[in-house]
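Undergrad: The structure that follows is given in the form of structure tokens.
We did not get these values from a lab; they are worked out from the coordinates using the rules stated. All values reported here derive from a predicted model rather than from experimental measurement. Backbone-built Cβ (ideal geometry, glycine too); neighbour counts: all protein chains shown.
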Amino acid sequence: MSNQVRNAGKEARSSRFLYNNPVGRVCLKLLTRPFMSNMLAWLIERKMSRYYISKFIRKYNIDMSRFKEQYYSDFNAFFTRKLQESPFPQEEARNEAAFYAPCDGKLSVYPMPHNGTFRIKNSIYSLADLLDSEEMAQRYANGTCLIFRLTPDDYHRYSYFDEGSIVSQKPIKGILHTVRPIAQKRYPVFIQNTRVCTEMQTSNFGTVTQVEVGAMLIGRIINHKSAGDFNFGEEKGLFEFGGSTIIVLLEHDDMVFSEELRNAMLHNDEYPVHVGEIIGCRKEA
């Protein structure tokens, strides 16, 4: 049995305990509070935490050849490690109609109904609640929602998938559920968790809103800028330790996705992607 399968089984058991067991749900009330994330953040920034790095690499079978070789002073420095090189193509090789993944993650795609209300697992979501804005929500009715669920083995920095400018950015306070599917079956995680909404005017995809969602034991979402212009492939920000999610809302339902992604959508499965990977293209006018 591989380490990844074994670890997935252990994590599934712990999640089932927290979300399905009465005793576990008592523990859950404590673990979802931001002060627990702050406590963990303090611990993983201590020098002694670096001794967990090698164990973490083995546990999640992380391919370190993707990343810059460097000395990590603590576990948080390792967790927020940088890639060897930009995963995005040079401008002359870029396809401007293509949508490049802004992050690593397990991708799900949902068409947005005209009323702005949609279902993920057993939870009903309202765009107005997700964005904390009825006006912004109306923009994405009949659009497309891309959800990238990051797991501990993923790269936890994220980038701009187009050039443009930031229209607005708003942090929304909340608690910190895990973003694993078991939690989504019981709670509307994305509208309860701490998150940051960035509305952007892009060159090739119109007005887009990206939402970074924190998760259990990760309270720090770090965006490098809250206003101004940005470039294609420029790093937008990073998550510190834990699982997390990025939601991208597109105004229109005019994307043609890869065959592999379409097959995953048909079976309601998540599709693994890497930052900078082309996942779809705009339909030809």
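Undergrad: Order of Met48, Met265 from fewest to most other C-beta atoms within 10 Å?
TA: Met48, Met265
Undergrad: Counting other beta carbons within 10 Å of each Cβ, put Asp154, Asp63 in order, fewest first.
TA: The most exposed by this proxy come first: Asp63, Asp154.
Undergrad: Given points 7 Å out from each Cα along the Cα-Cβ axis, report the His252 to Lys173 separation in nanometres with one decimal.
TA: About 4.0 nm separates the two model spin labels.
Undergrad: Order these by the 10 Å Cβ neighbour count, fewest first: Phe67, Phe230.
TA: In increasing order of surrounding Cβ atoms, one gets Phe67, Phe230.
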